[in-house]
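Chemist: My structure is below; once you've seen it, I'll send some questions.
What follows is calculated from the coordinates using simple rules that are stated; it is not laboratory data. What you are looking at is a predicted structure, and each value in this text was computed from that prediction instead of being measured. Reconstructed Cβ throughout: ideal geometry from the backbone, glycine too, with neighbour counts over all protein chains shown.
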Amino acid sequence: MIALGCDHGGYELKQEIMAWLDKNHLEYKDYGCFSTEAVDYPVYSRLVGHAVADGECEKGILICGTGIGISIAANKIKGVRAALCSDCFSAEATRLHNDANILAMGARVLGAGLAVKIVDTFLNTPFSGDERHKRRISLIEG
Ligand code: RB5
């Protein structure tokens, strides 16, 4: 199960991502927001971050205008490793090296075509499991 969240800046792109997930028969839970009316992005970081950190969802996708605020807020939650990606190389690397569990994107940065490729890469790249990466991740957790 994939947890989805956005603010008003990310609402339209989230609709495109949901259409792509539907087409690919991938299950998701939408934690809002549910319109383009202005909202506060940390609210959705928290909802999606806890869904992932508590094991309710395996991965999450967060979208705001830049992807910056929503990823900063998500990374405050213990167990969350949110990666802001604007390219497929980073989406692949953050799964392989960081075992990132949340993908953050900026709707004012990316077109929908690239965004779904980034989602595809993120969801379909496993963690490498390499000892050095496990050690570094455990150092992040403190
Ligand atoms: C909202 O205008 C905008 O600040 C937000 O979507 C995001 O870009 C914050 O980092």
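Chemist: Ignoring solvent entirely, what values of log10 I(q)/I(0) come out of the Debye formula for the range 71-111 at 0.28 Å⁻¹ when each Cα is a single scatterer?
Modeler: After summing over all Cα pairs, the log10 values are -0.96.
Chemist: In cubic angstrom, how much convex hull volume per residue do the alpha carbon atoms of the chain span?
Modeler: Enclosed volume per residue, from the Cα hull, is 89 Å³.
Chemist: Could I ask something else about it? Return the distance in nm (one decimal) between the two label points of a simple spin-label model at residue 34 and residue 130, each offset 7 Å from Cα along Cα→Cβ.
Modeler: It is 4.4 nm.
Chemist: Quote to one decimal, in nm, the extra length available between residue 109 and residue 26 on full extension: 0.36 nm per residue of separation minus the C-alpha distance between them.
Modeler: Working: separation 83, 0.36 × 83 = 29.88 nm, distance 2.47 nm.
Computed gain between residue 109 and residue 26 is 27.4 nm.
Chemist: Would you pull out the residues with amide H under 5 Å of residue 67's amide H, same chain only if 5 or more places away, H placed 1.01 Å from N?
Modeler: When sequence neighbours closer than 5 places are left aside, the close amide H contacts are 107.
Chemist: What number of lysine-lysine pairs in the range 7-142 show an alpha-carbon separation below 26 angstrom, given a sequence spacing of 8 or more or placement on distinct chains?
Modeler: Lysine pair count for the range 7-142: 18.
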